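What follows is one structure encoded as structure tokens, with my remarks underneath.
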Amino acid sequence: MGLLVLEDVRKTFHNGELEEEILKGISLSLQPGEVTALVGASGSGKSTLLTIAAGLQSTSEGVVQFNGENLSAMKPEQVRKLRASQFGFVFQFAHLVPFLTVEEQLLVMLDVAEFKLRKAEKKEKVHQLLQLIDMGHRKHAYPSVLSGGEKQRVAIARAIIHEPKVLFADEPTASLDSKKSKEVMALIHDLTKRLNISTLMVTHDEEMLVYTDRFIRMMDGKIV
């Protein structure tokens, strides 16, 4: 069994008397150390599937299991704590806090995840990760002076500083040019392998699939 498993997941939205089934029986399994990409046209269900896998919204039918535990059977507070400690998130835009330095962005994430380290140990952990992603020289910089690629590197570091088991990335290169996109994807691929994370990514850019271990094509709410 995989680290994150979806079994016959269905999602239906209601708009008055209208009913629209967005996901139509999706089953997949994610393994540690792999980058899995969801690809397909707009409206195919990619982002809905990602948010359900991450516990950000519930299924209409089916089961989502993380490490053998059924997310659907958990209370909302339990799911929130699970997301904070075991999941990391990267989006199209970095969404960095404008009044925090690069170093502070990561330290705050350790506090949110309730990471059990002394203050000096947290700073050392942040320093090591920033060195790993070649951003050590920017740790005292504010987001306003960072390039788009640098911001996304910091966002990735923030997403994994607390050692999550799963990284969810929703169009992580959509706001970057081709060169920066390749750099960011190479970084995600390298960190997935190095830290043995399971990464699930949504992308519309099929040039980025070279940095994945497998891709899943979706159409009309189904895997094709």
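S144: farther than 18 Å from G40 by Cα, at pLDDT below 95 and among the hydroxyl-bearing types (S, T, Y), yes or no?
So S144 does not fit the description; no.
Among (1) over 30 Å from K180 (Cα atoms); (2) touching a residue at least 40 places away in the same chain (Cβ under 8 Å), there is one condition G33 misses while meeting the rest; what is its number?
Among (1) over 30 Å from K180 (Cα atoms); (2) touching a residue at least 40 places away in the same chain (Cβ under 8 Å), G33 violates only (1).
Rundown of residues vs (1) loosely packed, with under 14 Cβ neighbours inside 10 Å; (2) touching a helix residue (DSSP H, G or I) at 6+ places or on another chain (Cβ under 7 Å); (3) farther than 24 Å from A54 by Cβ, yes/no style:
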| residue | (1), (2), (3) |
| --- | --- |
| E121 | yes, no, yes |
| H127 | no, yes, yes |
| L130 | no, yes, yes |
| R158 | no, yes, no |
| I161 | no, yes, no |
| T173 | no, yes, no |
| M219 | yes, no, no |
| K222 | no, no, no |
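With the requirement that a residue be among the polar types (S, T, N, Q), farther than 12 Å from I216 by Cβ and touching a strand residue (DSSP E or B) at 6+ places or on another chain (Cβ under 8 Å), what does the stretch 25-50 give you?
Listed by number, the residues that qualify are Q31, S47, T48.
Among the numbered criteria (1) of a type in the set (A, V, I, L, M); (2) more than 21 Å from F93 (Cβ to Cβ); (3) at pLDDT below 95; (4) buried (at least 18 other Cβ atoms within 10 Å of the Cβ), which single criterion is violated by M208?
(2)
Are any of the residues in the stretch 7-15 farther than 22 Å from L195 by Cα, of a type outside the set (G, A, S) and out of contact with any strand residue (DSSP E or B) (no Cβ under 6 Å at 6 or more places or on another chain)?
Yes, the stretch 7-15 contains a residue that is farther than 22 Å from L195 by Cα, of a type outside the set (G, A, S) and out of contact with any strand residue (DSSP E or B) (no Cβ under 6 Å at 6 or more places or on another chain).
I need the full set of residues from the stretch 29-61 which are buried (at least 17 other Cβ atoms within 10 Å of the Cβ) and touching a Ser or Thr at 6+ places or on another chain (Cβ under 8 Å), in order please.
Hits for the stretch 29-61 are L30, E34, V35, T36, A37, L38, V39, I52, T59.
Can you tell me which residues in the stretch 73-93 are surrounded by 15 or more Cβ atoms within 10 Å (Cβ to Cβ) and farther than 15 Å from I161 by Cα?
Correct list: M74, V79, L82, F91, Q92.
Sort out for me the strands (runs of 3 or more DSSP E) sitting completely within the stretch 110-224 that have 3 or more residues that are of a type outside the set (V, I, T), in contact (Cβ under 8 Å) with a residue 24 or more places away in the chain and within 25 Å of A84 (Cα to Cα).
166-170, 198-202
Considering only residues that are touching a residue at least 24 places away in the same chain (Cβ under 8 Å), surrounded by fewer than 18 Cβ atoms within 10 Å (Cβ to Cβ) and not aliphatic (A, V, I, L, M), which ones fall in the stretch 94-109?
H95, P98, F99, T101
Within the group A41, A73, A37, A94, which residue is at pLDDT below 95 and under 30 Å from R138 (Cβ atoms)?
A94
If a residue counts only when it is over 19 Å from V90 (Cα atoms) and of a type in the set (G, A, S), which strands (runs of 3 or more DSSP E) contained entirely in the stretch 1-64 have at least 1 such residues?
Result: 18-30.
The values are calculated or read from the model by the stated rules, or taken from the named source; none is laboratory data. Everything numeric in this text was worked out from a predicted model, so none of it was measured. Every residue, glycine as well, gets a Cβ built from its backbone with ideal geometry; the counts of neighbours run over all protein chains shown.
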